[in-house]
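Read through the structure below, which is laid out as structure tokens, and then see the notes.
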Amino acid sequence: MLVTTPAIVISALKYGEADLVVKCFTQSDGLKSYLLRRILKSKKGKLRTAMFQPATQLEIVAMHKDKGTLESIRDAKVLHSYTTLHTDIYKTSIVLFLAEMLKNSIQEEEENKELYTFLENAFLWLDKNEHSANFHLYFILELTRYLGFYPDTSTSSLPHFNMLTGNFEYTETIYSITEDNLFILNSLLGIDFDALNAIKLNKTRRAAFVNMVIGYYELHLHGFKKPKSLTILNSLFN
């Protein structure tokens, strides 16, 4: 079936000498993988390699056969031209990390318009605003809302957060977080991107919290892999 849909690029991997395999999160069908033939050597085609950088927002015309194989893109155009996202070294590093988180966590080939809207707005906000060293913390926590294991905030005043159950509890277990990570978690719950700069963290506290959230993903997503780009990201924010 020929589909026209907004799509956000998650990753692009060179395949052979001239092809790319591109993963996109589409508004119409969720996660889709496409084989772009000869794109690395083509100078006259409708598709350009620069279109398929992580987080690029496109409108694509694609053939979806839905047979579990690589799909094809017939045409594409950029929906939102970023001004800083792919040129600012801090923002680029954030995007690479978040794209890897998305690649490792989103598996479903099904419509999820709420998740698409979150990703769309998040990357537009990052492009238009000064980089926030806390942006990725909030992003990966908020992403769990759309993946099905966002913390239950109804008892957030309790002294322990159980990563296995996703609940705040009185009793401490081997899966509980307390003290600093608990403070940061509570600071991030229920806010929006504009409030991030009010949360003052140093490099050590930020890295510890990200590692904790990645552990949370590992508990709730079978086969989730820790992003390799995390090391680079941590080195940038002091």
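The values are calculated or read from the model by the stated rules, or taken from the named source; none is laboratory data. Please read all numbers here as calculations on a predicted model, not as lab measurements. Cβ atoms come from the backbone with ideal geometry, glycine included; neighbour counts cover every protein chain shown. Remember, those area values only see protein heavy atoms, side chains included, never the ligands or the DNA or RNA. Shrake-Rupley method; radii C 1.70, N 1.55, O 1.52, S 1.80 Å.
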Assess whether Leu31 counts as being touching a Leu at 6+ places or on another chain (Cβ under 8 Å) and either surrounded by fewer than 16 Cβ atoms within 10 Å (Cβ to Cβ) or of a type in the set (A, V, I, L, M, F, W, C) (or both). no
Residue within region 135-156 that is farther than 30 Å from His80 by Cβ and among the small types (Gly, Ala, Ser) present: yes
Determine which single condition Ala50 fails, assuming it passes every other condition in (1) small (Gly, Ala, Ser); (2) open to solvent by 40 Å² or more (accessible area, probe 1.4 Å); (3) under 30 Å from Asn234 (Cα atoms); (4) part of a strand (DSSP E or B). (4)
Taking region 124-160 and keeping residues polar (S, T, N, Q) and over 16 Å from Leu201 (Cβ atoms) leaves Asn129, Thr144, Thr153, Ser154, Thr155, Ser156, Ser157
Scan Leu126, Leu85, Leu96 and give me the residue that is open to solvent by 70 Å² or more (accessible area, probe 1.4 Å) and touching a residue at least 40 places away in the same chain (Cβ under 8 Å). Leu96
Sort through Leu164, Leu115 and tell me the only one that's of a type outside the set (Phe, Trp, Tyr), outside any strand (DSSP E or B), modelled with pLDDT of 95 or more and open to solvent by 70 Å² or more (accessible area, probe 1.4 Å). Leu164
List the number of the failed condition for Val61; all other conditions in (1) outside any helix (DSSP H, G or I); (2) modelled with pLDDT under 95; (3) among the aliphatic types (A, V, I, L, M) hold. (2)
If you scan region 79-96, which residues turn out to be polar (S, T, N, Q) and either part of a loop (DSSP other than H, G, I, E, B) or at pLDDT 95 or above (or both)? Ser81, Thr83, Thr84, Thr87
Of the residues that make up region 193-213, is at least one more than 25 Å from Thr231 (Cβ to Cβ), open to solvent by less than 60 Å² (accessible area, probe 1.4 Å), outside any helix (DSSP H, G or I) and in contact (Cβ under 8 Å) with a residue 12 or more places away in the chain? no
Restricted to region 130-158, and to residues that are assigned to a loop (DSSP other than H, G, I, E, B) and touching a Leu at 6+ places or on another chain (Cβ under 9 Å), which residue is farthest from Ala198 (Cα to Cα)? Phe149
Which condition breaks for Phe25 when tested against (1) touching a residue at least 24 places away in the same chain (Cβ under 8 Å); (2) out of contact with any His (no Cβ under 7 Å at 6 or more places or on another chain); (3) not in a strand (DSSP E or B)? (3)
Please specify each residue of region 1-29 satisfying the condition of being over 16 Å from Thr69 (Cβ atoms), out of contact with any strand residue (DSSP E or B) (no Cβ under 7 Å at 6 or more places or on another chain) and not acidic (Asp, Glu). Gly16, Ala18
Please work out which one of (1) open to solvent by 50 Å² or more (accessible area, probe 1.4 Å); (2) under 12 Å from the mean Cα position of the chain (by Cα) is the condition Glu109 fails and give its number. (2)
Just need a number here: residues in region 68-78 that are part of a loop (DSSP other than H, G, I, E, B) and either closer than 18 Å to Val210 by Cα or not hydroxyl-bearing (Ser, Thr, Tyr) (or both). 2
When you scan region 58-81, do you find a residue that is small (Gly, Ala, Ser) and open to solvent by 60 Å² or more (accessible area, probe 1.4 Å), even just one? yes
